[in-house]
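These notes concern the structure reproduced below.
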């Protein structure tokens, strides 16, 4: 119990001068031990203490509510981050598949083009060879001079053979080079 009259007078001066009042359990102890002439001061202190406690309680409730909202928002954010990461992984997989498909299409197109070039070259070579052979055979059967035609036939087959090997070598070189780069 607190009995000091000086303590009470000091508290009254502080309340009037600086608007500072006692709070908490100290006010209850003081109220029980004071004479009746200071009861008004202690009642005001109790009233202010009650208001301050209510304010603190409201602030605490508001902070707890905001914390709960923030925690819920953090959970939602984490879910969104995971969802975005999954979407990014899926997009990367799709991109890799598209790149592989494009590479496969390019190789298939290139292979088809090489096949077409080889077929056309062989058709031309066979066509020129057959035509020259028919001319040479016709000239021999017609009992004409085949000296110039024989030399031309021989040279033509040499050139066609050389060119066909050159074409095939070039195509194989291109195919080999593109396989190494891939």
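Just a few scattered comments:
Here is a yes/no grid of residues against (1) within 19 Å of residue 124 (Cβ to Cβ); (2) surrounded by 12 or more Cβ atoms within 10 Å (Cβ to Cβ):
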| site | (1), (2) |
| --- | --- |
| 136 | yes, yes |
| 144 | no, no |
| 149 | no, yes |
| 157 | yes, yes |
| 165 | yes, no |
| 175 | no, yes |
| 178 | no, yes |
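- All positions within segment 129-162 that are modelled with pLDDT of 80 or more and either closer than 17 Å to residue 113 by Cα or under 60 Å from the mean Cα position of the chain (by Cα) (or both): 159, 162
- Flag for residue 89 being in contact (Cβ under 8 Å) with a residue 24 or more places away in the chain and in a helix (DSSP H, G or I): no
The values are calculated or read from the model by the stated rules, or taken from the named source; none is laboratory data. Bear in mind the structure is a predicted one, so any value in this text is a computation, not a measurement. Positions of Cβ are generated from backbone atoms using ideal geometry, with glycine treated the same way; all protein chains shown enter the neighbour counts.
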